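The values are calculated or read from the model by the stated rules, or taken from the named source; none is laboratory data. The structure presented is a predicted model; accordingly, all values stated were derived computationally and were not measured. Because the Cβ atoms are built from the backbone with ideal geometry, glycine has one as well, and the counts that use them run over all protein chains shown.
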Amino acid sequence: MAMFDRYRRALEQGDGATAVELISDETVDYYRTLAELGATAGPERLGELPALDRYNVAVFRTISTPAELKGMSGREAYVLGVEEGMVNSAAIARHDIGEVTVQGDEATATVLRDGEKGPFEYEFARSGGTWTINMMPMVGRARSAFAMMAEQQGMSEDELIFRSVETTTGTRPDESIFNRP
């Protein structure tokens, strides 16, 4: 699918305005929720979230302020995430699209990684005649991988979050990043 190549190029170039046009409404809603959590949530609510989502909120709070996040649309949050390196092409850089199966306004495509069939598929949705990529299945896989990474490295999820935020933003947060704004 040509739109997948456009999406990957947009991420490689940090072009949030183009990338956001190529993601599904479900993905946009996820980023709206992250911005809302970044603007309002305290440790009790954030503690209920998967580590990947806490990482995303911590990044948003590091690159923005709660006041800026308040009322931010999902599209605006996604663009900010791309432009600040939170959303990047690292996860999909070596992926290509294989066989595509279309069923009405939904499609799946085999993932090829370095030319070999991968263990999952990408999901696409057509909205208003335009195909978009649904990144939520990948978010689900990344949630599991993030938690496993902390365990494999022998550190708490929060420690991995702090290190990962520092890698993404250049600023290392501490526990106070999860305090209610």
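Remarks
- Any hit, the range 23-34, residues being at pLDDT 95 or above, of a type outside the set (S, T, N, Q), in a loop (DSSP other than H, G, I, E, B) and touching a helix residue (DSSP H, G or I) at 6+ places or on another chain (Cβ under 7 Å): no
- Scanning the range 124-181 for residues that are part of a helix (DSSP H, G or I), surrounded by 13 or more Cβ atoms within 10 Å (Cβ to Cβ) and either at positive phi or β-branched (Val, Ile, Thr) (or both) gives Val139, Ile161, Val165, Thr168, Thr169, Ile177.
- For first residues located in the range 1-20 and under 13 Å from Asp96 (Cβ atoms), partners that are at pLDDT below 95 and acidic (Asp, Glu) and lie 6+ apart or on another chain with Cβ distances below 9 Å form the pairs Phe4/Asp96; Asp5/Asp96.
- Residue in the range 106-119 that is assigned to a strand (DSSP E or B), under 28 Å from Thr18 (Cβ atoms) and of a type in the set (Ser, Thr, Tyr) present: yes
Quick grid of which residues meet (1) of a type outside the set (Asp, Glu); (2) farther than 25 Å from Thr132 by Cα; (3) surrounded by fewer than 19 Cβ atoms within 10 Å (Cβ to Cβ):
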residue: Asp15; (1), (2), (3): no, no, yes
residue: Arg45; (1), (2), (3): yes, yes, yes
residue: Pro66; (1), (2), (3): yes, yes, yes
residue: Val87; (1), (2), (3): yes, no, no
residue: Val102; (1), (2), (3): yes, no, yes
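- Among (1) within 22 Å of Gly47 (Cα to Cα); (2) without any contact (Cβ under 8 Å) to a residue 40 or more places away in the chain; (3) among the hydroxyl-bearing types (Ser, Thr, Tyr) - the single one Thr101 does not satisfy: (1)
- Any chance Asp15 is touching a Lys or Arg at 6+ places or on another chain (Cβ under 9 Å) and within 16 Å of Glu76 (Cβ to Cβ): yes
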